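Participant: Take this structure, written in structure tokens, and hold onto it; I'll ask about it next.
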Amino acid sequence: MAILPQRFAPDQCQAVAREVLAARRGQPSALLPILHDIQDRLGAVPPDLLPMIAEELCLSRAEVHGVVSFYHDFRASPPGRHVLKLCQAEACQSMGVKALTAELEQRLGLPLGETLADGSLSFEAVYCLGNCACAPSAMLNGELHGRVDAEELMALLAEQETLA
């Protein structure tokens, strides 16, 4: 897996975390909102911040790490410029997403769950996009697409690359 460098220096990451923690101080069940706020601002939840978050919330580092690692949406490093999420849930599986995944892995030269070394694309699994009636479904840069095939997704990626 290509590990992209953090977009911000460590001191900037810590400053963002301190701001987020201060804004949510005293809020019950604040761990998930804090993690989302940090990821929204930094593009990831850098592992270096987990001890600070744990200390602020009186949790163990293992508890914070457990939450970050449980949810597929949290990242330790920023994603590529484009993020293609391909649904792997039951409805999409029944409509051929396994074969579609294999074809895309081959065409992109990128295994599911990885980011290209140049940082241009992250190819990720997601386990429900709420679009089961239009399976198989994908999300490209936050935009949902249904009844997708490899040709359509490659065209969408090419279109996004020309817009970048």
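The values are calculated or read from the model by the stated rules, or taken from the named source; none is laboratory data. Since the model is a prediction, treat every value here as computed from it, not as a measurement. Every residue, glycine as well, gets a Cβ built from its backbone with ideal geometry; the counts of neighbours run over all protein chains shown. The area values use the complete protein model at the heavy-atom level, side chains included, leaving out ligands, DNA and RNA. Shrake-Rupley method; radii C 1.70, N 1.55, O 1.52, S 1.80 Å.
Participant: When the chain is modelled as a GNM with alpha-carbon springs shorter than 10 Å, which of Gln14, Gln93, Gln27 fluctuates the most?
Facilitator: Gln27
Participant: Now, a different point. Mind pulling the per residue volume of the convex hull built on the Cα atoms of the stretch 1-86? Å³ is fine.
Facilitator: In the stretch 1-86, the Cα convex hull volume per residue is 99 Å³.
Participant: For the pair Val83 and Ala23, what calculated FRET efficiency results from E = 1/(1 + (r/R0)^6), where r is the Cβ-Cβ distance and R0 = 41 Å, to the nearest 0.05?
Facilitator: Calculated value: 0.95.
Participant: Follow-up question, since we're still on this one. From the mean inverse distance of alpha carbon pairs (Kirkwood) and the Cα radius of gyration, derive Rg over Rh for the stretch 62-136.
Facilitator: My calculation of the ratio gives 1.01.
Participant: Accessible area of the stretch 74-164 with a 1.4 Å probe: how many percent of it is carbon plus sulfur?
Facilitator: In the stretch 74-164, the share of accessible area belonging to carbon and sulfur is 54 percent.
Participant: Separation between the Arg61 and Arg7 pseudo-spin-labels, each 7 Å from Cα along Cα→Cβ, expressed in nm?
Facilitator: Between Arg61 and Arg7, the simple spin-label model gives 2.7 nm.
Participant: Oh, and also: Of the beta bridges DSSP finds with both residues in the chain, what % are antiparallel, to the nearest 5?
Facilitator: Bridges in the chain that DSSP calls antiparallel: roughly 55 percent.
Participant: Another question, then. Between Asp149 and His72, what is the label-to-label distance in nm when each label sits 7 Å out along the Cα-to-Cβ direction?
Facilitator: Here the modelled spin labels are 2.4 nm apart.
Participant: Calculate the tail of P(r) for the stretch 98-164: the fraction of all Cα-Cα distances greater than 17 Å, expressed in %.
Facilitator: In whole percent, the long-distance tail amounts to 40.
Participant: If you don't mind, another one. When only Cα pairs under 8 Å and 6 or more residues apart are kept, what is the percent relative contact order across the stretch 3-135?
Facilitator: The value is 25 percent.
Participant: Separate question: Anyone know which of Gly119, Gly109, Gly96 comes out most mobile in the 10 Å Cα GNM of the chain?
Facilitator: It is Gly109.
Participant: Using packing as a proxy for protection, rank 151-163, 29-41 so that the peptide with the highest average count of other Cβ atoms within 10 Å comes first.
Facilitator: 29-41, 151-163
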